[in-house]
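The next block holds one structure in the form of structure tokens; read it before the comments.
The values are calculated or read from the model by the stated rules, or taken from the named source; none is laboratory data. Fair warning: this is a prediction, and the values are worked out from it, not measured in the lab. Every residue, glycine among them, receives a Cβ derived from its backbone with ideal geometry; neighbour counts consider all protein chains shown.
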DNA sequence: GTGAAAGCGCTAACAG
DNA sequence: CTGTTAGCGCTTTCAC
């Protein structure tokens, strides 16, 4: 009763047979190697026409098995539904396509174990040719198995200490410094930083550093309790609890808040609305990452903008270099892009 | 000078040889077929240990070539960096992973040709087992080559007329009706709908229908010019020009605006700010798609919320059904999910 | 200029 | 319960 599957996909063999030539010839045509092997224009044309006629597309699995090259690249980010990452990924997709690569995109959920298993699956199972990684890992040696194999891998957004891997990142310290400085200059004395945990992530560390540098440079009293870690999985509750605590304090009451990323900022903003906290009058507020919300909210939110386009295009550019010319383990590219602080009404 | 690649990946052969057994046995263990073939617990354990010890992972290219099954699914959306789609995709990723599938995610940029070539690449080249498609195509027959092969494919978000393919979508008409009705009930007489082009996309058509239904039901004068098409590639300019025109009119001046999707809404909101248009006093405003911005903007924006979670999980569920039990071309699943109108301050 | 043949790593039919 | 074997579709070496 089922509809019959009439038209199986043609293989290279079908093309060859229907033309009375060998598979070799067809293969050479597919791979633009006719020149190299001195195939005549006429023959090439003949084969090409047949390929078009039969709608032949080479089977990548077979090619992959034979050549060991997949023209796939693995892309792992913490969460593809976070606009910061989805924008980067989109750029990578476009750039990769231009060079015939297809990305396999995965979300690690800030989970080191999941990340490792995704990497293994991409590298060992799917045989991606290279990896672009916004890593959640704590230590570089968890990636040693890649390094040992000299596997093309570029770190983006987050660097890894002593990783010795090419990295495309952003000057988080400078960005955080600028953000904190703004708060200080507008009169804040008690500034908290809400940063996503785990705290060892390089971007978080650098943001903390920038924050502390500003605090110290302007001789504000620094208090360890003003740097709070917000767990990735429970942002809203953590933000609410901490804000409750910090705003209740009699002495040293919070008057400036720096949200370490866009999700934390959103939770803070919800809190402000629910608890009728007036920003910037009662509390000045800035955030890392610039998202659409910040331009339209009331008040508009000052934020550290990251150059997503550039992160995306550089990351593929660097990976491509690795893919084509091999790793230079002694001296991996380290690209650090500037951020831009956008001052709006919240600070 | 280069670091030697010491540790090649082990193959099924290596495992078998180092254990003195056959590849078959190892293969059976990998694929959990030991029960089926009555392999002893002991042997299985022995093989499994070796696999763990050598860090073996089956080569998917080989498996794919042999079995014709890739455990890959293709996912094509107009733009992965649009939060509406990135959220759906994220759900699909999670659900697929639970069943051992990996998504290959692509953006079509609302370009039919690009979409077709992506489909071909996914299906013929990458050999994905199934497809989840938020299609930009005009007519279903462009997908006939898939239907002929009985290829598992589910349409999401947008349906295709006479496609006879399983579809997971949303009741756009009802959503648009509710949105328009709100505008009418709050006193608007001259309501425009800004919809993304191409206008033949089912969601757009349905939204137009819902809009018109409300207009007619409440006996407002309907004017063709009040439905404007905004090209995907030039949203901002188109929105600005049309708003300029419609707001300048002496008679029948615009007093209500319905943005057909989130990107259009953002452009409108920028316009409002730049031109100091007071919403809702001067112009009432609603949008399709609910994004974070709408909850925080001033004023907050009323919007038709789509059940992204459900779209994502249903789409994989339906595809899985196809994958496991085959197509039912006579009677494909058509799942229509309700939308929810969220009234905020803008209307 | 072109073709024959081997083999990438895996699965499954069949044999024992 | 376990092994032998053929072959998926392609690229590449070598031969003519």
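Table: residues versus (1) surrounded by fewer than 21 Cβ atoms within 10 Å (Cβ to Cβ); (2) within 22 Å of the chain's Cα centre (by Cα).
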| position | (1), (2) |
| --- | --- |
| B:177 | no, no |
| B:189 | yes, no |
| B:194 | no, yes |
| B:198 | yes, yes |
| B:222 | yes, no |
| B:234 | yes, yes |
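Among the candidates B:155, B:193, which residue alone is free of Cβ contacts under 8 Å to residues at least 24 places away in the same chain and assigned to a strand (DSSP E or B)?
The conditions single out B:155.
Please go through segment A:244-279 and pick out each residue that is within 14 Å of chain B (Cβ to nearest Cβ), surrounded by 12 or more Cβ atoms within 10 Å (Cβ to Cβ) and part of a loop (DSSP other than H, G, I, E, B).
Within segment A:244-279, A:261, A:277, A:279 meet the criteria.
Please work out which one of (1) modelled with pLDDT of 95 or more; (2) within 12 Å of chain A (Cβ to nearest Cβ); (3) under 23 Å from residue A:290 (Cα atoms) is the condition residue B:299 fails and give its number.
In the conditions (1) modelled with pLDDT of 95 or more; (2) within 12 Å of chain A (Cβ to nearest Cβ); (3) under 23 Å from residue A:290 (Cα atoms), residue B:299 misses (1) alone.
Take segment B:121-144 and flag every residue that is more than 12 Å from every other protein chain (Cβ to nearest Cβ) and part of a helix (DSSP H, G or I).
Scanning segment B:121-144 gives B:140, B:141, B:142, B:143.
Could you identify the single residue in A:183, A:220, A:165 that is over 30 Å from residue A:313 (Cα atoms) and at pLDDT below 95?
Within the list A:183, A:220, A:165, the selection yields A:220.
For a quick check of your reading: which helices (runs of 4 or more DSSP H) sit entirely within segment A:1-120 and have at least 3 residues that are within 16 Å of DNA strand C (Cβ to nearest atom), surrounded by fewer than 19 Cβ atoms within 10 Å (Cβ to Cβ) and within 11 Å of chain B (Cβ to nearest Cβ)?
Because the criterion is at least 3 residues that are within 16 Å of DNA strand C (Cβ to nearest atom), surrounded by fewer than 19 Cβ atoms within 10 Å (Cβ to Cβ) and within 11 Å of chain B (Cβ to nearest Cβ), the helices (runs of 4 or more DSSP H) in segment A:1-120 that meet it are A:60-67.
Quick one: which of A:46, A:50, A:36 is more than 7 Å from DNA strand D (Cβ to nearest atom) and under 21 Å from residue B:121 (Cβ atoms)?
A:50
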